[in-house]
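The values are calculated or read from the model by the stated rules, or taken from the named source; none is laboratory data. Please read all numbers here as calculations on a predicted model, not as lab measurements. Reconstructed Cβ throughout: ideal geometry from the backbone, glycine too, with neighbour counts over all protein chains shown. Quick note on the areas: whole protein, heavy atoms, side chains included, nothing else; ligands and nucleic acids left out. Shrake-Rupley method; radii C 1.70, N 1.55, O 1.52, S 1.80 Å.
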Amino acid sequence: MPTRTALLRLLCDGRFHSGAELGAALGIGRSAVWKHVRALAGRGIEIHAVRGRGYRLAVPLELLDGPRILAALPPVWRGRLAGLEILQETDSTNRVLLARGEAVPAPCACLAEYQSAGRGRRGRTWVSPYGRNIYLSLLWRFAEAPAALSALGLVAGVAVLRAVTALGLGDAGLKWPNDVLWGGAKLAGVLVELSGEMNGACRAVIGVGLNLAMPRAAAQGIDQPWVDLASAMGRPVSRNACSALLLARLLECLELFQDRGFAPFAGEWHRHDVLRDRPVALFQGGRCLHGTARGVDEQGALIVERDGKRCRYFSGDVSLRLKEGGAVGAAAGSG
Ligand code: BTN
């Protein structure tokens, strides 16, 4: 294990540890400990250094634990998951899996403690501070691209919604195409990246960013209303338990989607659709169009009623805003 990771593991209990104690455990001198502490601070990890007492994390961290996540998966998926990789830091877990090429066995998952260039939709950056939230990508291979492939992101949104609901969060909603909201603020986002293979096969990397305990300082880089699970639920949430739950729901939903398309998810999506029957503004190729959101079709396209006509829009083509005065609330419905 790299020294810096080992140091963090010693500190993650949130208690004070002297430089001498840390140095002895890591086999390095006290000044080397100090250098590593500074490097961790450079990753946004707040560490208190107090003369005579040593170092401690400002907030205890629960680091990701691969064996623990695997053990919490349903046995059927533990057997079928071809790989689970935990990275200390990377630019983007989606990029890591996309770069793997066609030979890599699927499904496989990659989680990171920290992303230096987390990718969001529409070229945005996904703010990914160290050890606080969940950054998960899942590589899935479709032997034949499903007809409703464009609905894959919506299905992933349903999987996230099921995971947070199973943790005990009520009233989470879905905002087309694949945001998960709570109380009108963004709790999680999904980024699907596809790559075609030979013979009509297709590889999909489904990336999920789920806010668990976003530090205020890191959140300054977020340009839209956001919320994290710990605040929404009023209690801390285990990153490992949540990662396992999220991964299990994603795997289950993807298998069902592969077999039966979007149809088995449509009812649930509609029940949690925060935009349904709300006035929206769509931005398409420099134009702004106004209408009323009327749910989604079997391809995952958004239906918008404009001048009495129902038009369909795909997520790659448009960006969407709720029109002024129409705050997005949580959706009704529970399941
Ligand atoms: C969005 O903009 O709403 C989508 C955000 C998706 C972020 C996740 S974090 C894990 C995975 N790796 C990335 O670089 N992006 C996705």
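Could you work out how far the C-alpha centroid of region 1-70 sits from that of region 243-321, in angstrom? One Cα centre to the other: 44 Å. The phi torsions of region 57-66, fed into the Karplus equation with coefficients 6.51, -1.76 and 1.60 and a -60° offset, translate into couplings of 6, 4, 9, x, 10, 9, 7, 5, 9, x Hz, rounded to whole numbers, with Gly and Pro shown as x. For the set LYS186, LYS309, solvent exposure ranked by accessible area (probe 1.4 Å, protein chains only) runs largest to smallest as LYS309, LYS186.
Computed over protein heavy atoms with a 1.4 Å probe, the carbon and sulfur contribution to the accessible area of the chain reaches 49%. Rolling a 1.4 angstrom probe over the protein heavy atoms with all chains in place gives the chain an accessible area of 44 Å² per residue. Summarising the amide proton neighbourhood of LEU187: residues at separation of 5 or more, or on other chains, whose placed amide H is nearer than 5 Å comprise VAL180, LEU181, TRP182, VAL227. Working from label points 7 Å from Cα in the Cα-to-Cβ sense, the ALA241 to ALA41 distance is 3.4 nm. Karplus-based coupling profile of region 80-94, in residue order and whole Hz: 8, 5, 7, x, 9, 10, 10, 9, 5, 8, 7, 6, 7, 5, 4, with θ = phi - 60° in 6.51 cos²θ - 1.76 cosθ + 1.60 and x standing for Gly or Pro. Taking a ≥ b ≥ c as the square roots of the eigenvalues of the alpha carbon gyration tensor, region 212-310 is oblate, as a/c is not under 1.5 and a/b does not beat b/c.
Taking the chain as a Gaussian network of alpha-carbon nodes connected by springs under 10 Å, the highest mean-square fluctuation of the residues GLY120, GLY54, GLY184 belongs to GLY54.
The distance linking region 133-208 with region 74-112 is 15 Å (Cα centroid to Cα centroid, whole angstrom). Computed from the Kirkwood radius of its Cα pairs, the Stokes-Einstein diffusion coefficient for region 195-242 at 25 °C and 0.890 mPa s stands at 180 µm²/s.
Geometric descriptor of region 100-253, per residue, is 112 Å³ (volume of the convex hull of the Cα atoms). Beta-bridge orientation, the chain: approximately 85 percent antiparallel, per DSSP, counting only bridges with both partners inside.
The mean sequence separation of alpha-carbon pairs under 8 Å and at least six residues apart, normalised by the residue count of the chain, gives a relative contact order of 15 percent.
Residues whose amide H falls under 5 Å from that of TRP176, counting only those 5 or more places apart or on a different chain, are VAL274, LEU275, with hydrogens built in the peptide plane.
In plain terms, if you count all Cα to Cα distances in the chain and split them into 20 Å steps from zero, the share in each step is 30, 54, 15, 1 percent. Two decimals is fine: what's Rg over Rh for region 36-149, C-alpha atoms, Kirkwood radius as Rh? Across region 36-149, the Cα-based Rg/Rh ratio is 1.07. The number of Lys pairs in the chain with C-alpha atoms less than 29 Å apart, excluding pairs fewer than 8 positions apart on the same chain, is 5.
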